[in-house]
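Take a look at the structure set out below.
The values are calculated or read from the model by the stated rules, or taken from the named source; none is laboratory data. Only a predicted model underlies this, so the values are computations on that prediction, with no experimental measurement involved. Counting neighbours? That spans all protein chains shown, and the Cβs are built from the backbone with ideal geometry, glycine included. We work out accessible area using only protein heavy atoms, side chains counted, and drop any ligands, DNA or RNA first. Shrake-Rupley method; radii C 1.70, N 1.55, O 1.52, S 1.80 Å.
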Amino acid sequence: MATNKKALLIDITKCIGCQACAGACKEAHGVTGDPEPKLSETALTVVQDKNGKFVRKQCLHCEQPACGSACLVGAITKTAAGPVVYDKSKCVGCRYCMIACPHSVPRYEWSKLAPYMKKCDMCYDKRVSKGQPTACAEACPVGATIFGDRDEMLREARRRILDDPKYVPHIYGEREYGGASMLFLSDVEFEKLGFMIPPTEAPLPEVSKAALDEAPMVVLVGGTMLAGLYWITNRRREVLLAEAQKKTLKFPVGDEEERS
Amino acid sequence: MPETKTKKPIITVWRVILGVIFLAGAYATYLRFVVGWSAATNLSDAQPWGMWVGVATLCGVGLSAGGFATAAAVYLLGMERYRPIARAAVLVAFLGYVSVCVGYAYELGLPWLFWHALIYWNPKSVLFDVMFCILAYTTVLTIEVSPAIVERLPFNGFKKTYMHWHHRLATAVVLAGVLLSSMHQSYLGGLFLIFRDKMYPLWYTPALTTMFYLSAIPAGLAMVIITLYLCNRSLGTKVDPKILKEVAWVISPMLILYFVWRMVDLVKHGGGPYLFKPTSEAAYFWLEMALFVFLPVFMLNNRWVMNRPEGVYWSSAVVIAGFITNRVNVSINALERATQANYIPKWPEMAVTVMLVTCAILAFRYAVIYLDILPKKAKSTRKWLANAGVAANA
């Protein structure tokens, strides 16, 4: 794993729900308007109130993104620096990424006639690729969201869990779906905060990869079998034909042109 | 089905229905491409795939499976008895695929960029493989149906050369077609593998690929049967009802195999406890089973039903209804609990789907009338068999 991989550490216990991150995100992406309650084409990150806890929701930037493996034109890729980015010039609008995402993050510009997918890009172009922190991390007044190297963020998270027994001893995003670049700490079970708890740690792309890997075998074995069967039936036909020509034909055989 | 005779009043019930379908389809097209998504569909961020994927694509492709099954039986396995229906079966498949391709113009957000799929490859994507197989197989089907058109051309030299090469390559083309369609019939199921944590356990299984393949073949054959039955009834073709009965007879063991496999797999992957829960999913599941397995298996094994052509027709129709239920369940109902979308298609979605199906039916009708697709006289059936070689008689 690359050492310079970046990540955000979001500490749910520290968040005061001030929406500064949501506002800064809008500003960084050139969108105006108030913070929204749900993710939308104009709100790429939101702060939701879940039973008194403020929970940020946005793209988790998985290490092996399901959306990226789903995208038929490869428009969604995981960068070496961590962010999962979307190249809108490749997109054809199939929206497979939207259902493939286990966190249901990607949004679609349903109102436009040339719609594109929208999701958090972890400020890759404007900030992270230039070594700056994301807009949301920079805007957070209480340090509930901090930005840094993923290894460093994991160390910090573990330190907090060890220091303070209020935390659930679990860093969401460390291993879920093969790990992510958004790491969450909480004092309430993540399940109760609406986080998707995967049944296994295996990244989703591996599920479909298993099916895709069978293809060459199917083609090889199936092709050989079918060709073999054809050879047999063809041979049988030839034999029958030869035998029949020795006897008298029951009815005249037209030209041998096949109707295929 | 539209009717045949031209010496009839200009305004008939069928023409009025056709007119309504096309007007509605045209208006729906306007809504989709000029007004926007929200006017034309009930799709949303929670439910980004709806009827156009669930019915137009999944069912369109699945119901075309009769093409490759029949082509394999006749051209590769030498079952000459079914030669008279092979051309029609392949034509059904061709029109099915063409309508799927046209349907994608509606379904894609940026349909004019569809060619991106050909230049930006992502081999990790199941959808990429599906798309590639669909394009390749549509090409194969075009080659497979082309002789029916070429043989009507007035250019003798071209015709001769074309038929010569077509004949030489036919086996390879059919073989490629069987492999391609087998692959992507399964891959259509593979599309849903990545929705593991969102799909209701009654439908999610790592064997979705196998399930889609196993269910597509009987449904495809049922589609061939009802198409040919309707042709016999309304276009005056003379397809031996015995052949249709025999094809129908194959469907029942396939459905039983599918059912047993599906149940074993379901229990193995922990879907068992969900079978009898009082949920809407369980109801959808049993509806699917009733229409796709129980009812048709009963009908197909009932002598009284099978001894009359309408019986064969209705059993096949039930199989198709069950198949559509299955695909809609997998693509829409299985996801609703996780996405909480409560999706019901808007009328333009249905209008477009109905219009695509109608276009395919019309194309098929005119192909049967003007081209040599199906035997039109009882005598010609024998000639077809004779042309196919003495093997047919053996």
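The table below lists the values:
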| quantity | calculated |
| --- | --- |
| Count of the range A:201-240 residues which are more than 9 Å from chain B (Cβ to nearest Cβ), of a type outside the set (A, V, I, L, M), surrounded by 12 or more Cβ atoms within 10 Å (Cβ to Cβ) and within 37 Å of the chain's Cα centre (by Cα) | 2 |
| Residue identified as touching a Ser or Thr at 6+ places or on another chain (Cβ under 9 Å) and of a type in the set (A, V, I, L, M, F, W, C) among B:A136, B:A93, B:A117 | B:A93 |
| Test: residue in the range B:178-193 that is within 16 Å of the chain's Cα centre (by Cα), open to solvent by 10 Å² or more (accessible area, probe 1.4 Å) and among the polar types (S, T, N, Q) | yes |
| Evaluation of B:E246 against (1) within 29 Å of B:I373 (Cα to Cα); (2) of a type in the set (D, E, K, R); (3) open to solvent by less than 20 Å² (accessible area, probe 1.4 Å) (one fails), failing number | (3) |
| Within the range A:62-167, helices (runs of 4 or more DSSP H) holding 2 or more residues that are among the charged types (D, E, K, R) and under 26 Å from A:A20 (Cα atoms) | A:150-163 |
| Residue within the range A:66-75 that is open to solvent by less than 10 Å² (accessible area, probe 1.4 Å), on the phi > 0 side of the Ramachandran plot and not small (G, A, S) present | no |
| When residues of the range B:289-342 are limited to those that are of a type in the set (G, A, S) and farther than 30 Å from A:I99 by Cβ, the one modelled with the lowest pLDDT | B:G311 |
| Candidate set from the range B:92-128 (those that are closer than 27 Å to A:A210 by Cα and touching a residue at least 60 places away in the same chain (Cβ under 8 Å)); member that is surrounded by the most Cβ atoms within 10 Å (Cβ to Cβ) | B:V126 |
| Cross-chain or 6+ apart pairs with Cβ under 7 Å, the range B:279-301 first and open to solvent by 70 Å² or more (accessible area, probe 1.4 Å), then of a type outside the set (S, T, Y) | B:Y284/B:N329; B:Y284/B:N333; B:L295/B:V318 |
| Helices (runs of 4 or more DSSP H) contained in the range B:111-216 and holding at least 1 residues more than 10 Å from every other protein chain (Cβ to nearest Cβ) and within 29 Å of A:L113 (Cα to Cα) | B:126-150, B:156-190 |
| Residue that is nearest to the other protein chains (Cβ to nearest Cβ) [pool: residues in the range A:106-127 that are hydrophobic (A, V, I, L, M, F, W, C) and crowded, with 23+ Cβ neighbours inside 10 Å] | A:M117 |
| The range A:168-200, residues that are open to solvent by 10 Å² or more (accessible area, probe 1.4 Å), outside any helix (DSSP H, G or I) and on the phi > 0 side of the Ramachandran plot | A:G194 |
| Test: residue in the range B:44-51 that is outside any loop (DSSP other than H, G, I, E, B) and either away from chain A (no Cβ under 12 Å) or of a type in the set (A, V, I, L, M) (or both) | yes |
| Among the residues listed as B:G66, B:G78, the single one being more than 18 Å from B:A105 (Cα to Cα), touching a helix residue (DSSP H, G or I) at 6+ places or on another chain (Cβ under 9 Å) and in a loop (DSSP other than H, G, I, E, B) | B:G78 |
